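Visitor: Following this message is one structure expressed as structure tokens.
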Amino acid sequence: MTLIKSISGIRGTIGGKTSDNLTPLDTVLFTSAYASWLKNNQDAKHYKVVVGRDARISGSMIQGLVNQTLVGFGIEVLDVGLSTTPTVEMSVTQHQAHGGIIITASHNPKQWNALKLLNEKGEFLNAASGKAVLEIAEKKDFEYASIDNLGKVISVKGAIEDHVQKVLDLSLVNAEGIRHKKFKVVVDAVNSTGGIAIPLLLEALGVTCIPIYCDPTGHFPHNPEPLKEHLTALSEKVVAENADFGIVVDPDVDRLAFVDENGAVFGEEYTLVACSDYVLSKTPGDTVSNLSSTRALSDITQRRNGVYYASAVGEVNVVEKMKEVKAIIGGEGNGGIIYPDLHYGRDALVGVALFLSLLTENNQKVSELRASYPDYAMSKAKISLSEGMDVDVLLKEVEKKYSEKNPETIDGVKIAFESSWVHLRKSNTEPIIRVYTEAKNQKEANELAERFLREIEEMV
């Protein structure tokens, strides 16, 4: 597999050849580049970086390489160990660190791992900073610390517990009301660190937690992306246990999806819709999601007298847009909730707490809540990239063909039709073109996706 270098981090499969995969040498190279960038951009006597990982099998190996490379740069490493992406993000600011590295490949299968790079605000590097890190890596001109100035690794305990407490302290989290409802919930954490974090949060909220796949071994029992086709065991367990609903998170716990009391999938697109609905009901304001997210968020925002804004795909782009328009909540249609009152990062823990608060206040079943929202259906397809394929040329051809529709081109090409849309873009995390469509029903969404898959194949 090709080593993928982007603003989303450095991502690749474990093993194989240097520069083609995420090998030990590549790990040291890009950690060195990040450390150099950090020192070039911040003036400090002593530098601190928070490092944490999900439960992937390769995580301990990669973290050892990362930690000791940072030590070689004279940097103090705050090692939070098994953790979640949002926990590491919050730990950066809590400990006044100069940056952070999260070792996780998010929703990718177990053979993948990655370095997600954070700035001093605990947020992902923007495009300019990410580009600078890649340029430093290309030059391979590093200056490591002398023997008397090496860094050290400090083990930090309780990071997830601190994260849970900060969620409980939010004014919109109705902890007392949730405890009174005595919910029963099934949790699928794909045997990663969500199996630590989500049960801790639920216990603190008085929710009975029925865990499946919550042992953080890194042996994923199914594809770790929280999509309908991967949630059969969760749906069956919810029904068998007569639970109120089910929760599934991805390996690093920044994506969140639900199934209702009947085992039906709530839809990861509607995680953000529901949480935004609750926040907007309490706090007037505006929302942001990316171009590939459901139209339902715009509908709900307008219903609550707010303004909806769209950003390019990628958490850093959503965050930048949210700051620009001062949005009170935002995120991505992949189940990522960004609630600025906590921090500017996708966070499944705050999503769970806001969702439970909404159910408590509305006194609704999850199926009833889903039925109250505008009903759209989405298709998410992809085209694998062949070597030498020029994606930019392909997308320009699509833009030209549909020029009368005034396509949105801030990220790939998005074409809006009367009651549907299609978004075509090159993935930042995989060697594919993503083809997302949305329409009034699944048949129309699928047909629109198939139409554009054919059109692209004819252009190749």
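Visitor: If we only count helices (runs of 4 or more DSSP H) wholly inside segment 170-287, which ones have 2 or more residues that are crowded, with 24+ Cβ neighbours inside 10 Å and in the same structural domain as Asp347 (by TED's automatic domain parsing)?
Guide: Answer list for segment 170-287: 194-204, 232-240, 269-282.
Visitor: Output the number of the condition that Ala145 fails; it satisfies all remaining conditions of (1) outside any helix (DSSP H, G or I); (2) of a type outside the set (Ser, Thr, Tyr); (3) touching a helix residue (DSSP H, G or I) at 6+ places or on another chain (Cβ under 6 Å).
Guide: (3)
Visitor: Using the structure shown, decide if Gly246 is within 16 Å of Cys209 (Cα to Cα) and in contact (Cβ under 8 Å) with a residue 24 or more places away in the chain.
Guide: yes
Visitor: Of the residues Asn441, Asn406, which is in contact (Cβ under 8 Å) with a residue 40 or more places away in the chain and not assigned by TED's automatic domain parsing to the domain that holds Ala114?
Guide: Asn441
Visitor: Here is a list of conditions, (1) out of contact with any strand residue (DSSP E or B) (no Cβ under 8 Å at 6 or more places or on another chain); (2) within 26 Å of Asp411 (Cβ to Cβ); (3) not in a helix (DSSP H, G or I), and Trp37 meets all of them except one; can you say which number that is?
Guide: (3)
Visitor: Next up: Against the conditions (1) in contact (Cβ under 8 Å) with a residue 60 or more places away in the chain; (2) touching a Leu at 6+ places or on another chain (Cβ under 9 Å); (3) of a type in the set (Lys, Arg), where does Lys48 fall short? Just the number, please.
Guide: (1)
Visitor: With respect to Pro86, is the statement that it is in contact with a Pro (Cβ under 9 Å, 6 or more places away or on another chain) and either under 23 Å from Met61 (Cβ atoms) or not polar (S, T, N, Q) (or both) true?
Guide: Taking the combined requirement at face value, the residue does not satisfy it.
Visitor: Another question, if that's okay. So which of Ser36, Ser58, Ser8, Ser32 is modelled with pLDDT of 95 or more, of a type in the set (Gly, Ala, Ser) and within 24 Å of the chain's Cα centre (by Cα)?
Guide: The conditions single out Ser58.
Visitor: Restricting the search to segment 1-16, which residues are among the polar types (S, T, N, Q), part of a loop (DSSP other than H, G, I, E, B) and buried (at least 18 other Cβ atoms within 10 Å of the Cβ)?
Guide: The answer is Ser8, and nothing else.
Visitor: For segment 303-348: of the residues being assigned to a loop (DSSP other than H, G, I, E, B) and of a type in the set (Asp, Glu), which is nearest to Pro226 (Cα to Cα)?
Guide: Asp347
Visitor: Here is a follow-up. Go through (1) surrounded by 14 or more Cβ atoms within 10 Å (Cβ to Cβ); (2) under 29 Å from Gly331 (Cα atoms) one by one and return the number of the condition Gly151 breaks.
Guide: Here Gly151 meets the rest and fails (2).
Visitor: Does Gly64 qualify as being in a helix (DSSP H, G or I) and closer than 24 Å to Leu150 by Cβ?
Guide: yes
Visitor: Kindly establish whether Ile75 is of a type in the set (A, V, I, L, M, F, W, C), surrounded by fewer than 20 Cβ atoms within 10 Å (Cβ to Cβ) and either more than 23 Å from Gly218 (Cα to Cα) or out of contact with any strand residue (DSSP E or B) (no Cβ under 6 Å at 6 or more places or on another chain) (or both).
Guide: No; evaluated as a whole, the condition is false for this residue.
Visitor: Look through Ser83, Ser36, Ser19 and report the one residue that is closer than 21 Å to Gln111 by Cα, surrounded by fewer than 21 Cβ atoms within 10 Å (Cβ to Cβ), outside the structural domain of Gly194 (by TED's automatic domain parsing) and among the polar types (S, T, N, Q).
Guide: Every option except Ser19 fails the conditions.
Visitor: Let me ask something else. Regarding Val325, is this residue crowded, with 24+ Cβ neighbours inside 10 Å and among the aliphatic types (A, V, I, L, M)?
Guide: No; evaluated as a whole, the condition is false for this residue.
Visitor: Right, another one. Could you look through segment 421-457, keep only residues that are among the hydroxyl-bearing types (Ser, Thr, Tyr) and surrounded by fewer than 20 Cβ atoms within 10 Å (Cβ to Cβ), and pick out the one that is modelled with the highest pLDDT?
Guide: Ser427
Visitor: If you don't mind, there's one more thing I want to ask. Only residues that are hydrophobic (A, V, I, L, M, F, W, C) and either crowded, with 24+ Cβ neighbours inside 10 Å or closer than 19 Å to Lys152 by Cβ (or both): list them for segment 39-61, please.
Guide: If the condition is that a residue be hydrophobic (A, V, I, L, M, F, W, C) and either crowded, with 24+ Cβ neighbours inside 10 Å or closer than 19 Å to Lys152 by Cβ (or both), then Ala44, Val49, Val50, Val51, Ala55 are the ones that fit.
Visitor: With the checklist (1) assigned by TED's automatic domain parsing to the domain that holds Gly267; (2) more than 30 Å from Asn174 (Cα to Cα) in hand, flag the one item Lys401 doesn't pass.
Guide: Of (1) assigned by TED's automatic domain parsing to the domain that holds Gly267; (2) more than 30 Å from Asn174 (Cα to Cα), only one is false for Lys401: (1).
Visitor: Does segment 67-88 contain at least one residue that is touching a Leu at 6+ places or on another chain (Cβ under 7 Å) and assigned to a strand (DSSP E or B)?
Guide: yes
Visitor: Let me ask something else. Mind listing whichever residues of segment 385-404 are surrounded by 14 or more Cβ atoms within 10 Å (Cβ to Cβ) and of a type in the set (Lys, Arg)?
Guide: Result: Lys401, single match.
The values are calculated or read from the model by the stated rules, or taken from the named source; none is laboratory data. Given the structure is predicted, the values throughout are model-derived calculations rather than measurements. Note: ideal-geometry Cβ built from the backbone for every residue, glycine included; neighbour counts use all protein chains shown.
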